[in-house]
Amino acid sequence: MKTNEDILNLKFKICDNVNYTIDKNGVVTLLEKQDHKIQKILRKLKFNIPMYKEIELDEYCSTVFIMLNGKNTVEEVGKNLDLKYGNKIHPLYERLLLFINHIYTDCNYIEMIN
């Protein structure tokens with residue numbers, strides 16, 4: 001098990017195979033390809049199934065996602081969030097680590113940098 005200090009010193013970056021866009025307000029929209037066999041068959045049968053599922057992140061998640069560039073540690077991301085949003089995002093590190101864990105383990109949008 002890693003200590004708190006080890007976790008705060010981790011660096012993550014967005015995976016190369018993740019497609020996303022950033023609008024003029026800094027909101028990230030993830031584009032997840034839908035290429036399951038059933039979806040392909042239904043498209044051939046003329047069902048209206050989009051090729052990409054669009055997942056729009058909120059303001060806080062977008063800021064975190066953009067800061068995960070392989071250079072910032074988790075602690076630096078947290079400090080930047082605290083400076084930008086103040087008390088609106090507290091408890092800061094509990095929320096930050098929960099989000100990073102979700103996009104790392106469940107969604108595979110980011111990868112850990114050693």
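One table, with the values for the structure above:
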{"read-out": "Index of the failed condition, ASP58 passing every other in (1) under 16 Å from ASN101 (Cα atoms); (2) exposed (fewer than 13 other Cβ atoms within 10 Å of the Cβ); (3) under 12 Å from the mean Cα position of the chain (by Cα)", "value": "(1)"}
{"read-out": "Check on ILE113, modelled with pLDDT under 95, over 12 Å from PHE12 (Cβ atoms) and among the aliphatic types (A, V, I, L, M)", "value": "no"}
{"read-out": "Matching entry among LEU92, LEU57 (being under 19 Å from ILE110 (Cβ atoms) and touching a Gly at 6+ places or on another chain (Cβ under 9 Å))", "value": "LEU92"}
{"read-out": "Pick from the range 67-77, criterion free of Cβ contacts under 8 Å to residues at least 60 places away in the same chain and buried (at least 16 other Cβ atoms within 10 Å of the Cβ), ranking: farthest from GLU56 (Cα to Cα)", "value": "VAL77"}
{"read-out": "Cβ pairs under 9 Å, 6+ apart, first in the range 1-16 and free of Cβ contacts under 8 Å to residues at least 24 places away in the same chain and closer than 18 Å to THR105 by Cα, second surrounded by 10 or more Cβ atoms within 10 Å (Cβ to Cβ) and among the hydrophobic types (A, V, I, L, M, F, W, C)", "value": "LYS2/LEU10"}
{"read-out": "Lone unmet requirement of (1) at pLDDT below 95; (2) surrounded by 12 or more Cβ atoms within 10 Å (Cβ to Cβ) for LYS37", "value": "(2)"}
{"read-out": "Top-ranked residue of the range 1-52 - restricted to ones that are part of a loop (DSSP other than H, G, I, E, B) and under 16 Å from ILE100 (Cβ atoms), ranked as farthest from the chain's Cα centre (by Cα)", "value": "LYS2"}
{"read-out": "Exclusive hit being part of a helix (DSSP H, G or I) and modelled with pLDDT of 95 or more, set TYR104, TYR85, TYR93", "value": "TYR104"}
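Here's the yes/no breakdown for (1) farther than 26 Å from LYS2 by Cβ; (2) surrounded by 11 or more Cβ atoms within 10 Å (Cβ to Cβ); (3) touching a helix residue (DSSP H, G or I) at 6+ places or on another chain (Cβ under 7 Å):
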| site | (1), (2), (3) |
| --- | --- |
| ASP23 | yes, no, no |
| VAL27 | yes, yes, yes |
| ILE41 | yes, yes, no |
| ASN48 | yes, no, no |
| VAL64 | no, yes, yes |
| LYS79 | no, yes, no |
| GLU94 | no, no, no |
| ILE100 | no, yes, yes |
| ILE113 | no, yes, no |
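The values are calculated or read from the model by the stated rules, or taken from the named source; none is laboratory data. As the structure is a computational prediction, the values presented were derived from the model and not from experiment. Ideal geometry is used to build each Cβ from the backbone, glycine not excepted, and the neighbour counts take in all protein chains shown.
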